[in-house]
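All of the numbers you see were taken from the coordinates with simple rules; none came from a lab. Here the structure is a predicted model, which means the values were calculated and not measured. Cβ placement follows ideal geometry from the backbone for every residue including glycine, while neighbour counts extend to all protein chains displayed.
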Amino acid sequence: MPQGVPTPLIRDITEAAQRLESGQLVALPTETVYGLGANAWNSEAVARIFEAKQRPEFDPLIVHIAGSDQLGSVVQTIPALARSLAERFWPGPLTLVMPKDESIPDLVTSGLPGVGVRVPDHPVALKLLQATGCPIAAPSANLFGGVSPTTAEHVLLGLGGRIDAVLDGGPCQIGLESTVVSLMGDKPLVLRLGGLSLEALEEAIGPIQVAESNSALSDAAQPAPGMLSRHYAPGTLMIAMDADDSVPLPIQPGTALLTWGPATKEYSDFAVVKNLSENGDLRECAANFFAALRCLDAANPDVIIARRFPDHGLGRALNDRLQRACG
Ligand code: TXA
Ligand code: MG
């Protein structure tokens with residue numbers, strides 16, 4: 001689409017499906033975050049995703065399908081572990097990287113032999129995938145490096161005028177991107193922590209290794225591009241504070257606070273405060289996290305102080321996103 005033309009917000013799934021089939025870019029809701037979708041079999045449409053997001057082409061895209069029965073059309077072989085993980089966690093926030101089928105353009109995987117696949121757990125996304133009959137390649141629907149969108153309005157703020165339509169499915173329930181697991185090696189490897197907790201994965205398949213991002217490597221050489229040191233980042237400087245709330249908070253005029261847990265009297269000393277969950281529910285924290293980052297950023301404070309999360313369940317993925325938002 002020519003840049004600058006307003007992007008329509010639509011609710012008609014058939015219209016969205018037709019637009020995707022004809023090679024257009026349509027943002028779609030999922031349970032994790034909104035994705036910027038294109039027909040995964042159409043390399044020209046896929047190329048336009050990178051253009052719209054201003055995303056470097058070394059970053060591979062996740063391919064979304066309507067159900068495990070469609071796996072055969074996107075992967076060459078289905079590892080045994082994939083079958084059991086899919087049965088247990090799909091539809092849901094788990095992306096599995098498996099040997100790619102020839103029909104998937106190299107651009108989708110940035111030339112890698114594996115393709116990341118998932119079945120999203122969102123009624124609108126599933127109906128759309130059933131209606132198109134094609135797999136949909138979709139990264140998070142934000143400009144490269146920015147905060148992931150959890151509402152249709154967030155998508156418009158970042159990509160309005162750059163994409164063909166946004167299919168509105170309301171706010172995303174999980175609010176953090178999927179957990180990415182590679183099944184390309186001898187043992188499964190978590191490439192990105194996300195909406196499916198490590199505990200849940202390990203309960204299903206036993207101990208699993210998590211890839212560490214390596215600060216000695218260039219961004220392009222990281223094990224997964226979601227591991228860039230600065231990613232998911234607001235414009236404002238962010239500083240992470242310990243999860244332990246007995247540590248006094250450094251308050252300066254113009255400081256914003258991103259926190260969780262019971263409200264404290266210190267709140268009144270901050271220019272603006274966002275509490276992700278007063279009872280410290282990590283699911284609630286995750287669902288509110290990206291929207292809160294946007295809201296604090298928009299208030300234009302000098303700095304955002306953000307309290308880390310307990311290192312278990314979704315807290316791990318939240319701490320990972322927080323670290324990268326701090327750069
Ligand atoms: O929840 C999600 O995963 C959302 C929704 C829209 O599905 N998508 C998303 O996509 O977060 P994106 O592109 O922002 O992040 C995808 C992550 C990247 O870190 C990428 O490196 C990794 O998944 N990934 C995708 N395909 C891969 C592949 N073939 N090999 C290794 N990593 C891959
Ligand atoms: Mg992303």
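Nearest 10 degrees is fine. How inclined is helix 80-89 to the longest principal axis of the chain, computing both from alpha carbons? That helix lies at roughly 60 degrees to the long axis. With K and R counted +1 and D and E -1, the other residues having a Cβ less than 12 Å from that of Ala317 yield a net charge of +1.
Given a 10 angstrom Cα cut-off, can you work out which residue in Val63, Val190, Val272 is the most mobile in a GNM of the chain? Sorting by GNM fluctuation, first place goes to Val272. Of all beta bridges that DSSP places with both ends in the chain, some 40 percent have antiparallel geometry.
Tell me the net charge near Ile10. Cut-off is 11 Å between Cβ atoms, Ile10 excluded, with +1 for each Lys or Arg and -1 for each Asp or Glu. So the environment of Ile10 carries a net charge of -2. Only aspartates and glutamates eight or more places from Lys274 in sequence, or on another chain, were considered; those with a Cα closer than 16 Å are Asp245, Glu266, Glu284, Asp297, Asp302. If you sort the three axes of the alpha carbon gyration tensor as a ≥ b ≥ c, you get a/c of 1.5 or more for region 255-304 and a/b no higher than b/c, which makes it oblate. Suppose every Lys and Arg Cβ carries +1 and every Asp and Glu Cβ carries -1, with no other charges. What dipole size does the chain come out with about its Cα centre, to the nearest 20 debye? It works out to roughly 260 debye. Once the Cα-Cα distance is subtracted from the 0.36 nm per residue extended length, the Arg11 to Cys326 segment shows a gain of 109.9 nm. The calculated 222 nm mean residue ellipticity attributable to helices in the chain amounts to -8000 deg cm²/dmol, summing -39500 (n - 2.57) over DSSP H runs of n ≥ 4 and dividing by all residues. Does region 1-46 classify as rounded, prolate or oblate by the C-alpha gyration tensor (a ≥ b ≥ c root eigenvalues; a/c under 1.5 gives rounded; else a/b over b/c gives prolate, otherwise oblate)? It is rounded, given that a/c, with a ≥ b ≥ c, falls under 1.5.
For the chain, the longest principal axis of the alpha carbon atoms and the long axis of helix 43-53 meet at an angle near 10°.
Between helix 314-326 and the chain there is an angle of about 80 degrees, using the helix long axis and the longest principal axis of the Cα atoms.
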